[in-house]
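Q: Dumping the structure here so I can ask a few things about it.
The values are calculated or read from the model by the stated rules, or taken from the named source; none is laboratory data. Remember, it's a predicted structure, so these values are computed and weren't measured experimentally. Positions of Cβ are generated from backbone atoms using ideal geometry, with glycine treated the same way; all protein chains shown enter the neighbour counts. Only protein heavy atoms, including side chains, enter the accessible area calculation; ligands, DNA and RNA are left aside. Shrake-Rupley method; radii C 1.70, N 1.55, O 1.52, S 1.80 Å.
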Amino acid sequence: MTIHESAEDYLESILILRERRGTVRSIDIVNELGYSKPSVSIAMKKLRENGYISMAPDGLITLNDSGMEIARRIYHRHTILTELFLRMGVSPENAAADACKVEHDLSEETFSKIEAFVSHGQGA
């Protein structure tokens with residue numbers, strides 16, 4: 001199943017919020033991403049229907065295995081790309097924002113070369 005960039009962003013945000021706060025509710029995602037409550041509600045419904053998240057009766061959101069896998073992959077890409085941009089002299093704000101823009105679109109080949117470069121200071 002192909003997952004859209006916006007769904008990847010939501011899953012990544014859930015992971016980050018969970019690590020930062022311990023628990024995640026829809027309102028936390030609204031506050032983190034700046035989206036409207038209805039937009040987040042619709043997105044959570046779609047993610048739940050596709051098996052990426054579960055929602056408890058009290059509103060707590062949990063990443064299922066498939067959602068966690070995607071969230072970790074996107075967050076890893078974000079981290080590596082941000083580090084690359086920082087090393088290039090990009091400001092922290094722009095490095096993080098630009099990493100967010102390209103983390104979804106790079107091929108596995110290109111990303112693996114960037115990852116090797118950032119990790120080892122050279123190409124693979």
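Q: Would you mind calculating the gained length between Ser41 and Val90 on full extension (0.36 nm times residue separation, minus the Cα-Cα distance), in nm to one decimal?
A: Working: separation 49, 0.36 × 49 = 17.64 nm, distance 3.47 nm.
Using 0.36 nm per residue and subtracting the Cα-Cα distance, I get 14.2 nm.
Q: Tell me whether region 53-124 comes out rounded, prolate or oblate; compute the Cα gyration tensor, take square roots of the eigenvalues as a ≥ b ≥ c, and use a/c under 1.5 as the rounded threshold. Please report the intermediate quantities before stating the final value.
A: Numbers: a/c = 3.16, a/b = 1.91, b/c = 1.66.
The shape class here is prolate.
Q: On to the next question. Calculate log10 I(q)/I(0) of region 32-85 for q = 0.13, 0.22, 0.26 Å⁻¹, where I(q) comes from the Debye formula with a single equal point scatterer on each Cα and nothing for solvent.
A: Here log10 of I(q) over I(0) equals -0.42, -0.92, -1.04.
Q: Only helical DSSP H runs with n ≥ 4 go in: add -39500 (n - 2.57) per run for the chain, normalise by residue count and round the 222 nm mean residue ellipticity to 500 deg cm²/dmol. Show your work: numbers first, answer last.
A: Working: 6 runs with 85 residues, N = 124.
Estimated from H runs of four or more residues: -22000 deg cm²/dmol.
Q: Compare Met68, Met55, Met88 by solvent-accessible area with a 1.4 Å probe and give them largest first, with all protein chains kept in place.
A: Sorted by accessible area, descending: Met88, Met55, Met68.
Q: Report the gain in length on full extension from Leu33 to Ser6: 0.36 nm times residue separation, minus Cα-Cα distance, nm rounded to one decimal.
A: Values: separation 27, 0.36 × 27 = 9.72 nm, distance 1.10 nm.
Going from the current span to full extension adds 8.6 nm.
Q: Then there is this: Considering only protein heavy atoms and a 1.4 Å probe, what is the carbon-and-sulfur percentage of the accessible area of region 1-119?
A: Of all accessible area on region 1-119, carbon and sulfur atoms account for 52 percent.
Q: So what is the relative contact order for the chain, in percent, with contacts set as C-alpha pairs under 8 Å and at least six apart? Please report the intermediate quantities before stating the final value.
A: On the way: 121 pairs, mean separation 26.1, N = 124.
Over the chain, the number comes to 21 percent.
Q: Please work out the Cα convex hull volume for the chain and give it in Å³ per residue. Don't jump to the answer; show the numbers that get you there.
A: Numbers: hull volume 14.0 nm³, N = 124.
Per-residue hull volume (Cα only) is 113 Å³.
Q: Using the heavy atoms of the protein chains alone and a 1.4 angstrom probe, what is the accessible area of region 2-80 per residue in square angstrom?
A: Numbers: 4450 Å² over 79 residues.
With the other protein chains kept in place, region 2-80 gives 56 Å² per residue.
Q: Sticking with this one: Can you pull the one-decimal nm distance between simple spin-label points at Thr23 and Thr62, each 7 Å off the Cα toward Cβ?
A: Rounded to a tenth, the inter-label distance reads 1.3 nm.
Q: For region 65-124, which trypsin sites (Lys or Arg not before Pro) are both in a DSSP coil and crowded by at most 16 other Cβ atoms within 10 Å?
A: On the way: sites: Arg72, Arg73, Arg77, Arg87, Lys101, Lys113; in loops: none.
Here no trypsin sites (Lys or Arg not before Pro) fit, given the DSSP loop and packing criteria.
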